1. Give the angle, between 0 and 90 degrees and rounded to the nearest 10, that separates the Cα long axis of helix 3-13 from the longest principal axis of the Cα atoms of the chain.
2. Over the heavy atoms of residue 1, what accessible area does a 1.4 Å probe trace out, to the nearest 10 Å²?
3. Measure out, as a whole number of angstrom, how far apart the alpha-carbon centroids of the range 318-362 and the range 148-198 sit.
4. Provide the convex hull volume over Cα atoms per residue for the chain, in Å³.
5. What FRET efficiency comes out for the pair residue 295/residue 421, r = Cβ-Cβ distance, R0 = 35 Å, nearest 0.05?
6. Can you work out ³J(HN,Hα) from phi for every residue in the range 120-135, in order, using Karplus 6.51 cos²θ - 1.76 cosθ + 1.60 and θ = phi - 60°, giving whole Hz and x for Gly and Pro?
7. With label points built 7 Å along Cα→Cβ from the Cα atoms of residue 40 and residue 322, find their separation and express it in nm.
8. Would you look at the GNM of the chain, springs on alpha carbons closer than 10 Å, and say which of 300, 419, 333 moves the most?
Amino acid sequence: MTDAELDRLYELLAIPSVSAVADHAPDMARAAETVATLVRRAGGSAEVVETARHPLVLGDVPPSDGRADAPTVLVYGHYDVQPVGDLGLWETPPFEPTVMDESIRCRGASDDKGNLYQAMVGVERLAASGTLPVRVRYLIDGEEESGGDSATDWVEALEDVPDVAIIWDTGLIAPGKPTICTGVRGICYRRVIVRAGLRDGHSGLYGGAAMNAANVLTRMLAAVAPVDGRLPAPLTEGVAPIHAEETAVWATLPDGGSMLGDAGLAPADPAAAAEFNQRTLAAPSLDVHALASGEVGAVRTVIPSVASAMLSVRLAPGQDPAVIGPALEELLRTAAPPGAVVEIERLGDSLPAVMDPAHPVLRAAAGAIERATGWPAVPIRSGGTLPVMASMVARGMPTVLTGFAQYDDNIHAPNERMRLENMELGARAAMEIMTALGGIPRDGGSP
(Lines give C-alpha, C1' and ligand atoms only; values in the text may rest on other atoms or scores of the structure.)
Protein backbone atom coordinates (compact mmCIF):
# COMPACT_ATOMS: atom_id res chain seq x y z
CA MET A 1 0.00 0.00 0.00
CA THR A 2 1.09 3.57 -0.51
CA ASP A 3 2.27 5.66 2.41
CA ALA A 4 -0.87 7.81 2.09
CA GLU A 5 -3.13 4.74 2.19
CA LEU A 6 -1.33 3.42 5.26
CA ASP A 7 -1.49 6.80 7.01
CA ARG A 8 -5.27 6.75 6.72
CA LEU A 9 -5.31 3.26 8.23
CA TYR A 10 -3.06 4.38 11.09
CA GLU A 11 -5.48 7.21 11.86
CA LEU A 12 -8.29 4.69 12.24
CA LEU A 13 -6.20 2.21 14.22
CA ALA A 14 -5.20 4.89 16.72
CA ILE A 15 -8.80 5.34 17.85
CA PRO A 16 -9.52 3.06 20.86
CA SER A 17 -12.92 1.91 19.61
CA VAL A 18 -13.57 -0.72 22.29
CA SER A 19 -17.28 -1.41 22.07
CA ALA A 20 -17.48 -3.48 25.26
CA VAL A 21 -16.31 -0.62 27.50
CA ALA A 22 -18.82 2.18 28.10
CA ASP A 23 -16.12 4.81 28.64
CA HIS A 24 -15.09 4.39 25.00
CA ALA A 25 -18.42 5.61 23.60
CA PRO A 26 -16.87 8.89 22.34
CA ASP A 27 -14.12 6.88 20.64
CA MET A 28 -16.74 4.70 18.99
CA ALA A 29 -18.44 7.78 17.56
CA ARG A 30 -15.11 9.15 16.32
CA ALA A 31 -14.18 5.85 14.68
CA ALA A 32 -17.57 5.66 12.93
CA GLU A 33 -17.08 9.14 11.46
CA THR A 34 -13.56 8.22 10.35
CA VAL A 35 -14.85 5.12 8.56
CA ALA A 36 -17.60 7.17 6.89
CA THR A 37 -14.92 9.55 5.60
CA LEU A 38 -13.05 6.60 4.10
CA VAL A 39 -16.19 5.54 2.22
CA ARG A 40 -16.63 9.03 0.84
CA ARG A 41 -13.05 9.03 -0.45
CA ALA A 42 -14.18 6.50 -3.07
CA GLY A 43 -16.76 8.94 -4.39
CA GLY A 44 -19.63 7.42 -2.48
CA SER A 45 -22.04 8.59 0.18
CA ALA A 46 -21.96 7.52 3.80
CA GLU A 47 -24.00 8.07 6.92
CA VAL A 48 -23.47 7.26 10.56
CA VAL A 49 -26.66 5.71 11.90
CA GLU A 50 -27.25 5.75 15.64
CA THR A 51 -28.48 2.55 17.27
CA ALA A 52 -29.36 1.58 20.82
CA ARG A 53 -25.67 0.93 21.43
CA HIS A 54 -23.03 1.91 18.87
CA PRO A 55 -23.39 3.46 15.41
CA LEU A 56 -23.57 1.62 12.12
CA VAL A 57 -21.83 3.13 9.13
CA LEU A 58 -23.83 2.74 5.92
CA GLY A 59 -22.26 3.61 2.60
CA ASP A 60 -23.00 3.50 -1.12
CA VAL A 61 -20.41 3.73 -3.90
CA PRO A 62 -21.92 3.74 -7.41
CA PRO A 63 -20.43 1.82 -10.35
CA SER A 64 -18.05 3.86 -12.47
CA ASP A 65 -20.29 3.71 -15.54
CA GLY A 66 -23.38 4.68 -13.53
CA ARG A 67 -25.49 1.87 -14.93
CA ALA A 68 -28.60 1.14 -12.91
CA ASP A 69 -28.50 -2.61 -13.52
CA ALA A 70 -24.97 -3.16 -12.16
CA PRO A 71 -24.76 -5.94 -9.56
CA THR A 72 -24.89 -4.73 -5.96
CA VAL A 73 -22.24 -6.02 -3.56
CA LEU A 74 -22.73 -5.56 0.18
CA VAL A 75 -19.41 -5.28 2.04
CA TYR A 76 -19.49 -5.98 5.78
CA GLY A 77 -16.81 -5.44 8.40
CA HIS A 78 -16.52 -3.90 11.84
CA TYR A 79 -14.66 -0.94 13.29
CA ASP A 80 -14.91 -1.97 16.95
CA VAL A 81 -12.10 -3.89 18.64
CA GLN A 82 -11.47 -6.10 21.65
CA PRO A 83 -10.28 -4.66 24.97
CA VAL A 84 -6.50 -4.65 25.25
CA GLY A 85 -6.22 -6.80 28.39
CA ASP A 86 -2.97 -6.75 30.36
CA LEU A 87 -0.95 -3.77 29.10
CA GLY A 88 2.19 -5.38 30.48
CA LEU A 89 2.00 -8.05 27.78
CA TRP A 90 2.11 -5.53 24.92
CA GLU A 91 5.51 -4.82 23.38
CA THR A 92 4.21 -1.54 21.89
CA PRO A 93 1.29 0.68 23.00
CA PRO A 94 -1.92 -1.01 21.80
CA PHE A 95 -3.33 2.08 20.09
CA GLU A 96 -0.11 3.47 18.63
CA PRO A 97 0.30 1.78 15.22
CA THR A 98 3.90 0.62 15.00
CA VAL A 99 5.68 -1.17 12.16
CA MET A 100 7.85 -4.02 13.45
CA ASP A 101 9.11 -7.08 11.60
CA GLU A 102 7.31 -6.00 8.42
CA SER A 103 3.99 -5.95 10.30
CA ILE A 104 1.66 -3.31 11.67
CA ARG A 105 1.23 -3.79 15.41
CA CYS A 106 -1.91 -2.37 16.96
CA ARG A 107 -5.21 -3.53 18.42
CA GLY A 108 -7.50 -3.94 15.40
CA ALA A 109 -4.66 -4.37 12.89
CA SER A 110 -6.14 -7.73 11.90
CA ASP A 111 -9.55 -7.83 13.56
CA ASP A 112 -11.03 -6.06 11.81
CA LYS A 113 -9.86 -2.57 10.91
CA GLY A 114 -6.84 -3.71 8.90
CA ASN A 115 -8.78 -6.45 7.15
CA LEU A 116 -11.78 -4.26 6.32
CA TYR A 117 -9.51 -1.46 5.12
CA GLN A 118 -8.08 -3.75 2.43
CA ALA A 119 -11.53 -4.07 0.87
CA MET A 120 -12.12 -0.33 1.16
CA VAL A 121 -8.81 0.47 -0.54
CA GLY A 122 -9.62 -1.97 -3.34
CA VAL A 123 -12.95 -0.23 -3.98
CA GLU A 124 -11.34 3.22 -3.80
CA ARG A 125 -8.64 2.27 -6.31
CA LEU A 126 -11.19 0.92 -8.79
CA ALA A 127 -13.40 3.97 -8.40
CA ALA A 128 -10.42 6.30 -8.86
CA SER A 129 -9.46 4.55 -12.10
CA GLY A 130 -13.05 4.57 -13.37
CA THR A 131 -13.23 0.76 -13.46
CA LEU A 132 -15.54 -0.12 -10.54
CA PRO A 133 -18.11 -2.43 -12.24
CA VAL A 134 -20.47 -2.94 -9.28
CA ARG A 135 -22.46 -0.86 -6.84
CA VAL A 136 -20.84 -1.27 -3.44
CA ARG A 137 -22.94 -0.89 -0.33
CA TYR A 138 -21.18 -0.82 3.00
CA LEU A 139 -22.48 -2.15 6.30
CA ILE A 140 -19.81 -1.43 8.90
CA ASP A 141 -20.57 -2.57 12.40
CA GLY A 142 -19.66 -1.09 15.77
CA GLU A 143 -20.90 -3.97 17.93
CA GLU A 144 -19.37 -7.14 16.52
CA GLU A 145 -16.92 -7.57 19.39
CA SER A 146 -19.56 -7.05 22.07
CA GLY A 147 -22.44 -9.20 20.87
CA GLY A 148 -24.62 -6.47 19.39
CA ASP A 149 -27.32 -7.23 16.85
CA SER A 150 -27.76 -3.88 15.05
CA ALA A 151 -26.08 -5.13 11.86
CA THR A 152 -28.06 -8.37 11.84
CA ASP A 153 -31.30 -6.46 12.40
CA TRP A 154 -30.41 -4.18 9.48
CA VAL A 155 -29.82 -7.15 7.16
CA GLU A 156 -33.05 -8.83 8.20
CA ALA A 157 -35.03 -5.63 7.56
CA LEU A 158 -33.59 -5.02 4.07
CA GLU A 159 -36.17 -4.53 1.35
CA ASP A 160 -33.76 -4.22 -1.59
CA VAL A 161 -31.53 -7.27 -1.06
CA PRO A 162 -28.04 -6.98 -2.63
CA ASP A 163 -26.92 -9.60 -5.15
CA VAL A 164 -23.82 -10.67 -3.22
CA ALA A 165 -22.35 -10.09 0.23
CA ILE A 166 -18.67 -9.99 1.15
CA ILE A 167 -17.47 -10.22 4.74
CA TRP A 168 -13.83 -9.16 5.01
CA ASP A 169 -13.13 -10.54 8.48
CA THR A 170 -11.07 -13.73 8.42
CA GLY A 171 -7.70 -14.89 7.19
CA LEU A 172 -5.25 -17.33 5.71
CA ILE A 173 -5.09 -20.84 7.12
CA ALA A 174 -1.31 -20.79 6.64
CA PRO A 175 1.18 -18.51 4.88
CA GLY A 176 0.29 -18.45 1.20
CA LYS A 177 -3.05 -20.22 1.74
CA PRO A 178 -6.03 -17.83 1.46
CA THR A 179 -9.51 -19.12 2.12
CA ILE A 180 -13.10 -18.76 1.09
CA CYS A 181 -15.07 -19.59 4.21
CA THR A 182 -18.00 -21.85 3.36
CA GLY A 183 -19.70 -21.93 6.72
CA VAL A 184 -19.78 -20.79 10.32
CA ARG A 185 -21.18 -22.41 13.42
CA GLY A 186 -24.16 -21.03 15.30
CA ILE A 187 -24.49 -20.83 19.06
CA CYS A 188 -26.83 -21.41 21.99
CA TYR A 189 -25.42 -19.47 24.95
CA ARG A 190 -26.82 -19.96 28.47
CA ARG A 191 -26.31 -18.98 32.09
CA VAL A 192 -27.36 -21.63 34.62
CA ILE A 193 -28.03 -20.78 38.27
CA VAL A 194 -28.77 -23.46 40.89
CA ARG A 195 -30.23 -22.62 44.29
CA ALA A 196 -30.24 -25.40 46.88
CA GLY A 197 -31.30 -23.63 50.06
CA LEU A 198 -31.84 -20.32 51.77
CA ARG A 199 -28.26 -20.01 53.04
CA ASP A 200 -24.91 -21.80 53.11
CA GLY A 201 -24.59 -24.61 55.63
CA HIS A 202 -21.83 -26.04 57.84
CA SER A 203 -20.48 -29.14 56.11
CA GLY A 204 -19.62 -30.79 59.43
CA LEU A 205 -23.17 -30.43 60.71
CA TYR A 206 -25.12 -30.95 57.50
CA GLY A 207 -22.73 -32.57 55.03
CA GLY A 208 -24.23 -35.64 53.38
CA ALA A 209 -27.76 -34.59 54.27
CA ALA A 210 -28.11 -31.08 52.83
CA MET A 211 -28.34 -30.37 49.13
CA ASN A 212 -25.14 -28.80 47.80
CA ALA A 213 -25.65 -26.38 44.89
CA ALA A 214 -22.12 -26.97 43.55
CA ASN A 215 -22.65 -30.73 43.56
CA VAL A 216 -25.97 -30.31 41.77
CA LEU A 217 -24.49 -28.04 39.13
CA THR A 218 -21.57 -30.33 38.36
CA ARG A 219 -24.01 -33.22 38.00
CA MET A 220 -26.09 -31.19 35.57
CA LEU A 221 -23.04 -30.20 33.53
CA ALA A 222 -21.90 -33.82 33.37
CA ALA A 223 -25.22 -34.67 31.73
CA VAL A 224 -24.46 -32.44 28.73
CA ALA A 225 -20.66 -32.71 28.59
CA PRO A 226 -19.00 -34.43 25.61
CA VAL A 227 -17.65 -37.93 26.07
CA ASP A 228 -14.68 -38.61 23.80
CA GLY A 229 -15.72 -35.61 21.76
CA ARG A 230 -19.33 -36.76 21.28
CA LEU A 231 -22.29 -34.82 22.64
CA PRO A 232 -25.55 -36.38 23.83
CA ALA A 233 -27.73 -37.30 20.85
CA PRO A 234 -30.32 -34.51 21.38
CA LEU A 235 -27.55 -31.93 20.87
CA THR A 236 -26.45 -33.39 17.53
CA GLU A 237 -29.85 -33.18 15.84
CA GLY A 238 -29.78 -31.81 12.30
CA VAL A 239 -26.05 -31.77 11.55
CA ALA A 240 -25.59 -31.40 7.79
CA PRO A 241 -23.01 -33.41 5.84
CA ILE A 242 -19.86 -31.64 4.72
CA HIS A 243 -18.72 -31.41 1.10
CA ALA A 244 -15.87 -33.68 0.04
CA GLU A 245 -14.10 -30.65 -1.44
CA GLU A 246 -13.91 -29.14 2.03
CA THR A 247 -12.71 -32.28 3.81
CA ALA A 248 -10.00 -32.69 1.16
CA VAL A 249 -8.56 -29.37 2.34
CA TRP A 250 -8.13 -30.71 5.87
CA ALA A 251 -5.23 -32.88 4.76
CA THR A 252 -3.30 -29.72 3.82
CA LEU A 253 -3.77 -28.06 7.22
CA PRO A 254 -1.41 -28.22 10.19
CA ASP A 255 -2.14 -31.31 12.29
CA GLY A 256 -4.48 -30.98 15.21
CA GLY A 257 -1.81 -31.71 17.77
CA SER A 258 0.24 -28.77 16.52
CA MET A 259 -2.80 -26.50 16.42
CA LEU A 260 -3.57 -27.28 20.06
CA GLY A 261 0.04 -27.19 21.19
CA ASP A 262 0.78 -23.88 19.48
CA ALA A 263 -2.20 -22.38 21.28
CA GLY A 264 -0.99 -23.72 24.62
CA LEU A 265 -3.96 -26.09 24.92
CA ALA A 266 -4.18 -29.76 25.87
CA PRO A 267 -6.19 -32.33 23.85
CA ALA A 268 -9.59 -33.07 25.35
CA ASP A 269 -9.13 -36.83 24.89
CA PRO A 270 -6.83 -39.24 23.02
CA ALA A 271 -8.65 -38.81 19.70
CA ALA A 272 -8.98 -35.02 19.84
CA ALA A 273 -5.85 -34.16 17.84
CA ALA A 274 -6.65 -36.58 15.01
CA GLU A 275 -10.27 -35.37 14.87
CA PHE A 276 -9.43 -31.68 15.31
CA ASN A 277 -10.88 -30.40 12.02
CA GLN A 278 -14.00 -32.55 12.15
CA ARG A 279 -14.74 -31.43 15.69
CA THR A 280 -14.03 -27.71 15.26
CA LEU A 281 -15.35 -27.13 11.73
CA ALA A 282 -18.18 -29.58 11.07
CA ALA A 283 -19.59 -30.77 14.39
CA PRO A 284 -21.34 -29.19 17.38
CA SER A 285 -19.40 -28.68 20.58
CA LEU A 286 -20.23 -27.75 24.17
CA ASP A 287 -18.01 -25.79 26.50
CA VAL A 288 -18.39 -24.47 30.01
CA HIS A 289 -16.93 -20.97 30.08
CA ALA A 290 -17.19 -20.07 33.75
CA LEU A 291 -18.10 -21.66 37.10
CA ALA A 292 -18.87 -19.92 40.36
CA SER A 293 -19.76 -21.17 43.83
CA GLY A 294 -18.58 -20.37 47.32
CA GLU A 295 -15.43 -18.33 47.92
CA VAL A 296 -12.58 -19.81 45.97
CA GLY A 297 -9.57 -18.40 47.93
CA ALA A 298 -11.17 -18.66 51.37
CA VAL A 299 -10.84 -21.59 53.78
CA ARG A 300 -14.52 -22.15 54.49
CA THR A 301 -15.92 -25.66 54.80
CA VAL A 302 -19.47 -24.73 53.85
CA ILE A 303 -22.19 -26.28 51.76
CA PRO A 304 -22.86 -23.63 49.09
CA SER A 305 -26.48 -22.74 48.51
CA VAL A 306 -25.89 -21.11 45.11
CA ALA A 307 -23.81 -22.14 42.10
CA SER A 308 -23.72 -20.80 38.56
CA ALA A 309 -22.15 -21.54 35.20
CA MET A 310 -21.89 -20.05 31.74
CA LEU A 311 -21.93 -22.52 28.85
CA SER A 312 -22.62 -22.68 25.17
CA VAL A 313 -23.22 -25.12 22.37
CA ARG A 314 -21.60 -24.24 19.05
CA LEU A 315 -24.04 -25.40 16.39
CA ALA A 316 -22.88 -27.12 13.22
CA PRO A 317 -24.38 -26.08 9.88
CA GLY A 318 -27.81 -27.65 9.54
CA GLN A 319 -28.68 -27.28 13.20
CA ASP A 320 -31.35 -24.94 14.54
CA PRO A 321 -31.04 -23.10 17.87
CA ALA A 322 -34.82 -23.34 18.22
CA VAL A 323 -34.32 -27.12 18.48
CA ILE A 324 -30.96 -27.41 20.24
CA GLY A 325 -31.59 -24.69 22.84
CA PRO A 326 -34.65 -26.38 24.37
CA ALA A 327 -32.91 -29.77 24.15
CA LEU A 328 -29.95 -28.39 26.09
CA GLU A 329 -32.22 -26.91 28.75
CA GLU A 330 -34.20 -30.13 29.09
CA LEU A 331 -31.05 -32.21 29.59
CA LEU A 332 -29.85 -29.81 32.27
CA ARG A 333 -33.16 -29.67 34.13
CA THR A 334 -33.65 -33.43 34.00
CA ALA A 335 -30.28 -33.97 35.66
CA ALA A 336 -31.18 -31.75 38.64
CA PRO A 337 -32.63 -33.52 41.70
CA PRO A 338 -36.04 -32.67 43.15
CA GLY A 339 -35.84 -29.66 45.41
CA ALA A 340 -33.16 -27.81 43.43
CA VAL A 341 -34.28 -24.49 41.98
CA VAL A 342 -32.82 -24.14 38.50
CA GLU A 343 -32.79 -20.91 36.50
CA ILE A 344 -31.59 -20.93 32.89
CA GLU A 345 -31.06 -17.59 31.21
CA ARG A 346 -30.82 -17.38 27.44
CA LEU A 347 -27.88 -15.13 26.61
CA GLY A 348 -28.10 -15.51 22.87
CA ASP A 349 -28.98 -17.83 20.01
CA SER A 350 -27.53 -17.59 16.51
CA LEU A 351 -28.05 -19.70 13.44
CA PRO A 352 -25.16 -21.41 11.66
CA ALA A 353 -24.62 -20.76 7.97
CA VAL A 354 -23.23 -22.83 5.12
CA MET A 355 -22.47 -22.16 1.45
CA ASP A 356 -21.81 -24.71 -1.28
CA PRO A 357 -18.12 -24.30 -2.27
CA ALA A 358 -19.21 -24.92 -5.89
CA HIS A 359 -21.51 -21.87 -5.89
CA PRO A 360 -20.58 -19.67 -8.88
CA VAL A 361 -20.04 -16.60 -6.70
CA LEU A 362 -17.64 -18.46 -4.40
CA ARG A 363 -15.85 -19.90 -7.43
CA ALA A 364 -15.54 -16.42 -8.93
CA ALA A 365 -14.14 -15.02 -5.67
CA ALA A 366 -11.65 -17.87 -5.33
CA GLY A 367 -10.43 -17.35 -8.87
CA ALA A 368 -10.06 -13.63 -8.26
CA ILE A 369 -7.96 -14.17 -5.14
CA GLU A 370 -5.67 -16.55 -7.02
CA ARG A 371 -5.20 -14.04 -9.83
CA ALA A 372 -4.38 -11.30 -7.33
CA THR A 373 -2.01 -13.28 -5.12
CA GLY A 374 -0.81 -16.28 -7.12
CA TRP A 375 -2.14 -18.47 -4.30
CA PRO A 376 -5.12 -20.84 -4.75
CA ALA A 377 -7.94 -20.00 -2.35
CA VAL A 378 -9.32 -23.06 -0.60
CA PRO A 379 -12.84 -23.62 0.75
CA ILE A 380 -13.01 -24.22 4.48
CA ARG A 381 -15.52 -23.68 7.25
CA SER A 382 -14.91 -21.66 10.39
CA GLY A 383 -15.58 -22.96 13.87
CA GLY A 384 -16.65 -19.52 15.04
CA THR A 385 -20.04 -17.82 14.99
CA LEU A 386 -20.96 -14.90 12.74
CA PRO A 387 -24.67 -14.10 13.03
CA VAL A 388 -24.60 -11.51 10.26
CA MET A 389 -23.43 -14.15 7.76
CA ALA A 390 -26.30 -16.44 8.74
CA SER A 391 -28.72 -13.55 8.16
CA MET A 392 -27.19 -12.76 4.78
CA VAL A 393 -27.41 -16.36 3.61
CA ALA A 394 -30.98 -16.60 4.92
CA ARG A 395 -31.89 -13.51 2.88
CA GLY A 396 -30.62 -15.21 -0.28
CA MET A 397 -27.29 -13.42 -0.62
CA PRO A 398 -24.40 -15.60 -1.75
CA THR A 399 -21.84 -14.65 0.86
CA VAL A 400 -18.06 -14.57 0.47
CA LEU A 401 -16.24 -14.65 3.81
CA THR A 402 -12.54 -13.99 3.37
CA GLY A 403 -9.65 -11.83 4.55
CA PHE A 404 -5.88 -11.68 4.92
CA ALA A 405 -5.11 -11.98 8.61
CA GLN A 406 -2.98 -14.95 9.62
CA TYR A 407 -3.53 -17.51 12.34
CA ASP A 408 -0.51 -16.17 14.26
CA ASP A 409 -1.51 -12.49 14.10
CA ASN A 410 -2.48 -12.54 17.81
CA ILE A 411 -6.14 -11.74 17.16
CA HIS A 412 -7.90 -10.92 20.47
CA ALA A 413 -4.49 -11.12 22.18
CA PRO A 414 -1.63 -8.75 23.04
CA ASN A 415 0.59 -7.59 20.16
CA GLU A 416 -2.06 -8.02 17.48
CA ARG A 417 -0.59 -7.45 14.03
CA MET A 418 -1.12 -7.51 10.27
CA ARG A 419 1.66 -8.12 7.79
CA LEU A 420 2.28 -5.21 5.42
CA GLU A 421 2.56 -7.66 2.54
CA ASN A 422 -0.91 -9.01 3.31
CA MET A 423 -2.37 -5.51 3.38
CA GLU A 424 -1.40 -4.98 -0.25
CA LEU A 425 -2.37 -8.51 -1.30
CA GLY A 426 -5.76 -8.05 0.34
CA ALA A 427 -6.38 -4.78 -1.49
CA ARG A 428 -5.47 -6.38 -4.82
CA ALA A 429 -7.70 -9.35 -4.06
CA ALA A 430 -10.58 -7.00 -3.30
CA MET A 431 -10.08 -5.30 -6.66
CA GLU A 432 -10.09 -8.63 -8.50
CA ILE A 433 -13.17 -9.86 -6.63
CA MET A 434 -15.15 -6.70 -7.42
CA THR A 435 -14.10 -6.94 -11.05
CA ALA A 436 -15.17 -10.59 -11.24
CA LEU A 437 -18.49 -9.90 -9.53
CA GLY A 438 -19.22 -7.19 -12.10
CA GLY A 439 -20.09 -9.97 -14.51
CA ILE A 440 -22.59 -11.85 -12.38
CA PRO A 441 -26.26 -11.87 -13.35
CA ARG A 442 -28.61 -10.09 -10.97
CA ASP A 443 -29.78 -13.52 -9.68
CA GLY A 444 -26.29 -14.32 -8.38
CA GLY A 445 -25.68 -17.09 -10.89
CA SER A 446 -22.63 -17.86 -13.00
CA PRO A 447 -20.59 -14.90 -14.24
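1. Here the helix axis deviates by roughly 30 degrees.
2. Per-residue accessible area (residue 1): approximately 40 Å².
3. 15
4. So the per-residue Cα hull volume is 157 Å³.
5. For R0 = 35 Å, the calculated efficiency reads 0.10.
6. For the range 120-135, the Karplus curve yields 5, 5, x, 5, 4, 5, 5, 5, 5, 8, x, 10, 6, x, 10, 8 Hz.
7. 4.3
8. Highest fluctuation of the listed residues: 300.
The values are calculated or read from the model by the stated rules, or taken from the named source; none is laboratory data. The structure displayed is predicted, hence computed values, not measured ones. Please note: Cβ atoms are built from the backbone with ideal geometry, for glycine as well, and neighbour counts cover all protein chains shown. Quick note on the areas: whole protein, heavy atoms, side chains included, nothing else; ligands and nucleic acids left out. Shrake-Rupley method; radii C 1.70, N 1.55, O 1.52, S 1.80 Å.
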